[in-house]
Amino acid sequence: MARRRLTAEEIDLWRKVTRQAERLHPELPESVRPKTLPKPKPTKAPLARFEAFELGQTAKPKPQKNTLKPAMTERLATAPVQMDQKAFARLKRGKLKPEGRIDLHGMRMGTAHPVLVRFILTAQAQGKRLVLVITGKGKDRDEPGPIPTPRGVLRNQVPQWLSLPPLAQAVLQVTPAHISHGGDGAYYVYLRRVR
């Protein structure tokens, strides 16, 4: 955008003001007084705001800058498999039956965390290998607000709790449950053997 030029009246007014103004440091010699610097020259040509678009052409998607981390289910799906591959394939198809289950849905984080810790450590001590942790899918928020929040607090928090001590040494694999066991609202937790 081009800068607006000063009118003759504005230049005349500025000259009157500078003649009437008193210098802040009249004792300084001319060589020390600040000089106006030349305008910097642009190093690159300005980018065009709009690209040419022809009829029938498909639009290029804009790269998203402020996106959330991938959903917890996506992160778990891309996590490396720690357990036996055949057992994992049967687990994903819902063919393995969980030996225990806990329903956290409806609980607050403060009560759900100690209940989960007690359940997982007790299940491991009893020699169970596969348990089902039901978190619920979470509610849609009425007002999303300025900070985007993922849907389902427990659904996002439980895998993080399972990856931190004291549960990390007990858990071998966490994966979203098959639709027959709760789908996105539950997780299979495959436990390590007690040695």
Practice problem: Name the single residue, out of those in the range 173-184 being surrounded by 19 or more Cβ atoms within 10 Å (Cβ to Cβ) and within 24 Å of the chain's Cα centre (by Cα), that is nearest to Lys95 (Cα to Cα). | Solution: Ala177
Quiz item: How do the pairs read when you match residues in the range 1-28 that are under 30 Å from Pro42 (Cβ atoms) and open to solvent by 80 Å² or more (accessible area, probe 1.4 Å) with residues anywhere that are among the basic types (Lys, Arg) and part of a loop (DSSP other than H, G, I, E, B), using Cβ under 7 Å and keeping only pairs 6 or more apart or on different chains?
Solution: none
Quiz item: Restricting the search to the range 98-125, which residues are touching a residue at least 60 places away in the same chain (Cβ under 8 Å) and outside any helix (DSSP H, G or I)?
Solution: Pro98, His105
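Pick from Lys128, Lys95: which is open to solvent by 30 Å² or more (accessible area, probe 1.4 Å), without any contact (Cβ under 8 Å) to a residue 60 or more places away in the chain and part of a loop (DSSP other than H, G, I, E, B)? Let's see the steps before the verdict.
Values: Lys128 fails: without any contact (Cβ under 8 Å) to a residue 60 or more places away in the chain.
Going through Lys128, Lys95 in turn, the sole match is Lys95.
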Quiz prompt | Complete set of residues in the range 69-85 that are open to solvent by 100 Å² or more (accessible area, probe 1.4 Å), at pLDDT below 80 and assigned to a loop (DSSP other than H, G, I, E, B) | solution = Lys69
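The values are calculated or read from the model by the stated rules, or taken from the named source; none is laboratory data. Here the structure is a predicted model, which means the values were calculated and not measured. All Cβ positions, even for glycine, are placed from backbone atoms using ideal geometry, and neighbour counts span all protein chains on display. Accessible surface is based on the protein model in full, side chains and every heavy atom, while ligands, DNA and RNA are left aside. Shrake-Rupley method; radii C 1.70, N 1.55, O 1.52, S 1.80 Å.
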